[in-house]
Structures are given as C-alpha cells and as structure tokens.
Amino acid sequence: MNEEVIQEFINKFPKLLPTLTILNENNIQYLIGGSGSLFLLGNKRIPDDVDIYIQDKDHDKVDELFGITSFQYKSKTEDVRNSNPENDHSIQITSHLNITIHSTTYNLQITDEVLNNKIRVAFQNTEFFLLPTEDVLLIKAILQRGKDVGKNDLEDIYNYIKIHPINRTYLNARISALKAEDRVGNIFNNHNLV
C-alpha cells in the first residue's frame, strides 16, 4: 500500500487516526469501507467521508467510548445505525446496515467471515483495518447509486476492477450468502468476476 496515499487520506480526515486509536485500544473490531477503502487500495477518486463499519453488538460501547449518541438513518433504501465521533460528519461509524432494493432487504452486518478477510494496514505506529474489497464492491453493486445523489458506485467498481484482482471465491460466497445474485450478477458477470 502506498504510504503517500495513506498520508493524503489521513491528512484529509485529521480526526481519523485518533478515532481508530480509541477503537484499537478498546478492542473494537472495525473495518473502513466505501470509497475510502478503495482509495487506500489504489482507486483515484478521493472520498468525501470515511465509513467505519462495526459489529452490531458493539455500537452501544462505541457510543459510550466517544460520549456520543447514535442515530438511526432511514431512507427508501437504507436503514442503518450511525455515530459521528466528535460531531465530525466526515467520519461515520455504522452498524445494523440493511439495504432494501425492490422489496429485497440485504443485511450487511460484519460477520466472522468478513472479519477473517479484513485487510490490515500499518501506518505510523498505528494499525487499522479495511473491509474486504469484495464486500466494498458488493455494497456498491447492491446500492448502484449515481452522480444524481452524489455517489459513484458503479464507476468505483469498474475503475477498481481494472487495476486490482478480486477474490472470486470469496465474492461468490458473499453474493450467495446475501442472496444477491439477481441484484449484482450482471455487474460482476460482465467483468468475468463471478
């Protein structure tokens, strides 16, 4: 992983390292996902925020650690529990992630399988963890949000898979576990990933 890219990411989100340090010191399993994860792994688009996913069971403890109150965000497609450390909305701690598309709900909780495939990053005496790339791409493939809502989900997927290999076995297992074949199959089939 490129040290300069990591430094650029850390500089853009100055409260990120202190947030991750608190999570690490308190043995909270977490994973940075979304476009932040893809940026750290080589995607060129600079993210607007940092999505930190935690296990559902840990959210109360995280709120207590930061002295904050989480909130339930509900939209037509998303139902999630979020917290913003130090009221910094560029850092979002998320659990209970459920996405509903065409009456089908996908529960995207952090499972042991997901944790077993996390990506470890070491930087300046701190280590942090990224959501497996396949899970980041899978969430984006399920959501398929576009520029009309300030997102670039499909563009992020296509740009990333041009430059990095994907663990097809793991991706297929996750798609199957979520029963998301109909929703995401064409996106990944068109690139011979499933």
Of all the accessible heavy-atom surface of the chain, with the other protein chains kept in place and a 1.4 Å probe, what percent is carbon and sulfur? 45 percent
Give, in nm to one decimal, the length gained when the segment between E25 and N87 is fully stretched (0.36 nm per residue of separation minus the Cα-Cα distance). 20.3 nm
Starting from the Cα of K44, draw a straight line to each of the lysines and keep only those under 20 Å, dropping any in the same chain fewer than 8 residues away. K12, K140, K147, K151, K162
Say we join alpha carbon atoms closer than 10 Å with springs in a Gaussian network model of the chain; which of D51, D88, D148 then has the biggest fluctuation? D148
Sorted list, accessible surface of protein heavy atoms, 1.4 Å probe, largest first, for T77, T133, T69 is T69, T77, T133
With every protein chain present, what is the per residue accessible area of the chain (1.4 Å probe, Å²)? 50 Å²
Cα centroid separation - the range 42-83 against the range 115-153, whole Å: 13 Å
Cα centre as origin, Lys/Arg/Asp/Glu Cβ charges: the chain dipole, Debye: 560 debye
Kindly identify the range 1-105 as rounded, prolate or oblate by the Cα gyration tensor criterion: order the square roots of the eigenvalues as a ≥ b ≥ c, call it rounded if a/c is under 1.5, otherwise compare a/b with b/c, prolate if a/b is larger, else oblate. oblate
Run the quick spin-label model on Y158 and R120: label points 7 Å from Cα toward the beta carbon, then report their separation in nm to one decimal. 3.7 nm
How much length, in nm to one decimal, is gained on full extension between D182 and L17, taken as 0.36 nm per residue of separation minus their Cα-Cα distance? 55.6 nm
State whether the range 145-191 is rounded, prolate or oblate according to the following rule on the C-alpha gyration tensor (a ≥ b ≥ c being the square roots of its eigenvalues): a/c under 1.5 gives rounded; otherwise a/b larger than b/c gives prolate, and the remaining case gives oblate. oblate
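The values are calculated or read from the model by the stated rules, or taken from the named source; none is laboratory data. These figures come from a predicted structure and were not determined experimentally. Ideal geometry is used to build each Cβ from the backbone, glycine not excepted, and the neighbour counts take in all protein chains shown. With ligands, DNA and RNA removed, areas are computed over all heavy atoms of the protein, side chains included. Shrake-Rupley method; radii C 1.70, N 1.55, O 1.52, S 1.80 Å.
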